[in-house]
Every structure is written in structure tokens, then in C-alpha cells.
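A.B. asks: I have a structure here, written as C-alpha cells, and I will follow up with some questions on it.
Every number here is computed from the coordinates shown, using simple stated rules; none is lab data. Not measured: the values here are computed from a predicted model. Neighbour counts are summed over all protein chains in view; Cβ atoms, including those assigned to glycine, are modelled from backbone coordinates with ideal geometry.
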Amino acid sequence: MNHSLSRFLPVWVAALAVSALGATEPANLITTPSGLRYLITEHGTGALAKAGEVIIYHYKGTLPDGTVFDSSFDRKTPFAFTLGRKQVIKGVEEAFGYFGVGAKGTMIIPPDLAYGAKQRGAIPPNSTLRFDIEVLEIKAHGLADLLQETIDTAGLAAAQAKFAEVQAAKFDGLYVSESQLNNLGYKYLTKGDNLPAALAVLQWNVELYPASGNVYDSLGEANVKNDDRAAALRNYAKALELDPKNQNAEKFLTALKATADEPGALVQMLAHLRADEANQAH
């Protein structure tokens with residue numbers, strides 16, 4: 001399962017004003033030429049990130065009516081992305097030109113800097129998004145970026161050798177992130193259409209985070225695309241064992257058991273499930 005946005009919220013020392021959209025937001029927001037609005041309530045002491053560096057932060061995302069659509073605070077797991085790699089929406093990329101290590105504050109992102117007219121999970125089309133954030137740290141290099149660079153330039157075999165090398169060195173100097181590896185696996189699974197790379201990256205994530213139900217869920221989807229019924233059943237069952245509230249794993253297990261055991265059947269099953277999800281979103 002792909003969590004592209006990775007519920008405890010700090011107390012923000014900022015006056016609140018009622019916006020035209022009917023939700024509360026901090027007063028004295030700064031507006032940039034792009035339309036991004038932001039307010040730093042605590043500046044921190046760290047430097048700003050440079051392109052290619054990994055930013056690790058906590059966030060709470062809300063819609064204009066105050067509905068929380070995601071929160072890394074609640075998961076107690078910070079989110080990470082690499083600046084300049086288009087791994088997050090445009091507004092978040094821009095905002096981190098202002099928020100350094102230790103900074104806290106709010107960013108208000110208009111639809112054209114977010115998801116535009118697209119439905120994105122619980123986020124309706126044309127939504128303005130608010131993120132209350134806390135920047136934890138910045139790292140020079142990320143494991144996921146190293147693996148992507150190696151796969152894209154030298155191939156999967158080279159990446160497998162590189163993973164073994166950095167693992168033996170205990171990933172010295174690299175930021176290792178479950179969410180970044182998961183997102184890389186999905187990049188190859190969907191946008192990159194590189195199934196062998198997706199399987200390898202998601203399997204590495206399982207090895208590194210064996211107590212996470214989400215990594216088994218993601219690998220299960222790659223198994224489905226690979227027409228590997230036994231592996232898909234095993235990994236979705238493990239995902240549900242680790243997280244009994246995982247409705248996605250439960251849905252896939254039910255569908256797998258009801259699908260004929262014949263070549264190509266799992267790929268068709270996945271297409272039907274994704275079509276149903278798209279219809280429900282509208």
C-alpha cells in the first residue's frame with residue numbers, strides 16, 4: 001500500500017484568523033509569487049536543505065473545512081523526501097526553501113501547487129491543503145536515492161551488489177527510510193513499469209522493516225503484477241497479521257481467493273480492483 005504522504009499536533013504560538021474558505025488558519029501568512037502561503041512560528045537553528053539532500057519532518061495535513069487527511073504525528077513516524085527529485089507536490093518543494101532544521105510552522109498550498117483537479121485518496125479535486133510541520137533533520141544522502149541512481153544508470157544487478165555493499169557497511173552515511181523505499185518501489189511498479197526493480201526494492205524494504213504491515217502489503221501488489229499467487233497470498237496475509245485494520249490487505253486477500261488460478265487472472269483482478277477504487281473516489 002502506497003503512503004505517498006507520510007496526529008499529535010504541537011501547540012502553535014500564532015494568532016488564528018478565519019479564512020474565506022471557512023476554516024481557521026494562522027494570521028500574518030507570507031504569500032510567495034507562486035501563491036504558496038506560509039508562516040514560520042519557530043525558526044529553529046538549522047540550515048536550509050540543498051537539492052539532493054533528504055528532509056525528515058513531521059506534518060499534519062488538513063482540508064479547508066478542518067478535516068485531517070493525513071498525519072505523520074499520529075503514525076509516530078516522520079516523513080522523508082529528497083529535495084529536487086519531484087517526490088512531493090510543488091508547494092511542499094517550494095516551502096522547504098524557507099523551513100530549516102528545527103523550524104515549525106504552517107504552509108497553505110493552493111490546488112495548482114498540490115494535486116489540481118485530481119482526486120488523491122481522501123483529498124477532493126481542486127483542494128487547498130494546509131500542512132502544520134516540524135522539521136526534524138536533514139541528511140546528505142538517502143538509500144532510496146542511491147538505489148534509484150544505480151538502477152537507472154547501471155541496472156538492477158549493479159543495484160543488488162550496491163545494496164549488499166552498503167548493508168555490510170551498516171548503511172553508514174545513508175538515511176534509510178521505509179517510506180522512501182516504498183515510494184521508489186511504487187515508482188517502478190507504476191510510472192516506471194520496471195517490475196523486476198519494483199520487486200527488488202520492495203523486498204529490500206521487507207528485509208529492513210519486517211515488523212511493518214505496509215511493506216508486505218506493497219510487496220503483495222508487486223507479486224500480483226508478477227502473477228505470483230502464492231507470494232501474493234503470503235505477503236497480504238502477513239500484512240493483515242501485522243495490521244488487522246489493513247482494509248487493503250483484507251480486500252486483496254478476498255479477491256485473490258475468489259480469482260481463478262490461471263495465467264493472467266491476477267493482472268485482470270488488479271485492474272478490476274483499481275477501476276472500482278477510481279469509481280468510488282468519484
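A.B. asks: If each residue's Cβ is checked for other Cβ atoms within 10 Å, how do TYR216, TYR115, TYR57 rank with the fewest at the top?
C.D. replies: Numbers: TYR216 27, TYR115 18, TYR57 23.
With the sparsest Cβ surroundings first, the list reads TYR115, TYR57, TYR216.
A.B. asks: Further, regarding this structure: Pull out a ≥ b ≥ c, the square roots of the eigenvalues of the alpha-carbon gyration tensor of the chain, then state rounded if a/c is under 1.5, prolate if not and a/b is larger than b/c, and oblate in the remaining case. Can you show the working numbers first?
C.D. replies: Numbers: a/c = 2.14, a/b = 1.41, b/c = 1.51.
Verdict is oblate for the chain.
A.B. asks: Let me know the shape class of the stretch 204-262, please: from the alpha-carbon gyration tensor, a ≥ b ≥ c as square roots of the eigenvalues, rounded when a/c is under 1.5, otherwise prolate if a/b is greater than b/c, or oblate.
C.D. replies: Values: a/c = 2.63, a/b = 1.39, b/c = 1.89.
Taking the square roots of the gyration eigenvalues as a ≥ b ≥ c, the stretch 204-262 is oblate.
A.B. asks: Determine the dipole magnitude for the stretch 16-139: charges of +1 sit on the beta-carbon of Lys and Arg, -1 on that of Asp and Glu, nothing else is charged, the reference point is the Cα centre, and the result goes in debye to the nearest 20.
C.D. replies: Numbers: 13 positive and 12 negative charges, 66 e Å.
Using Cβ point charges on Lys, Arg, Asp and Glu, the stretch 16-139 gives about 320 debye.
A.B. asks: Output the Cα-based Rg and Dmax of the stretch 143-281 in Å, rounding Rg to one decimal and Dmax to a whole number.
C.D. replies: For the stretch 143-281, the Cα radius of gyration and maximum Cα-Cα distance read 15.5, 47 Å.
A.B. asks: Same structure again: Can you work out the FRET efficiency for the pair ALA158 and LYS257, with r the C-beta to C-beta distance and R0 = 35 Å, to the nearest 0.05? Don't skip to the answer; put the middle values down first.
C.D. replies: Numbers: r = 38 Å, r/R0 = 1.10.
Between ALA158 and LYS257 the formula returns 0.35.
A.B. asks: Right, something else. Students often forget the sequence filter, so: which lysines lie under 21 Å Cα-Cα from LYS238 once same-chain residues fewer than 8 apart are removed?
C.D. replies: Counting by Cα, and skipping residues close in sequence, LYS238 has these lysines nearby: LYS225, LYS251, LYS257.
A.B. asks: Once a ≥ b ≥ c are taken as the square roots of the eigenvalues of the Cα gyration tensor of the stretch 131-206, is the result rounded (a/c under 1.5), prolate (a/b larger than b/c) or oblate (a/b not larger than b/c)?
C.D. replies: Working: a/c = 2.11, a/b = 1.25, b/c = 1.68.
Taking the square roots of the gyration eigenvalues as a ≥ b ≥ c, the stretch 131-206 is oblate.
A.B. asks: Toward the positive end of the charge dipole of the chain, about the Cα centre and with charges on Cβ (Lys, Arg +1; Asp, Glu -1), which of ALA114, LEU256, GLN87 goes farthest?
C.D. replies: Highest projection toward the positive end goes to ALA114.
A.B. asks: Counting other C-beta atoms within 10 Å, which of LEU48, LEU174 has the fewest, and how do the rest follow?
C.D. replies: With the sparsest Cβ surroundings first, the list reads LEU48, LEU174.
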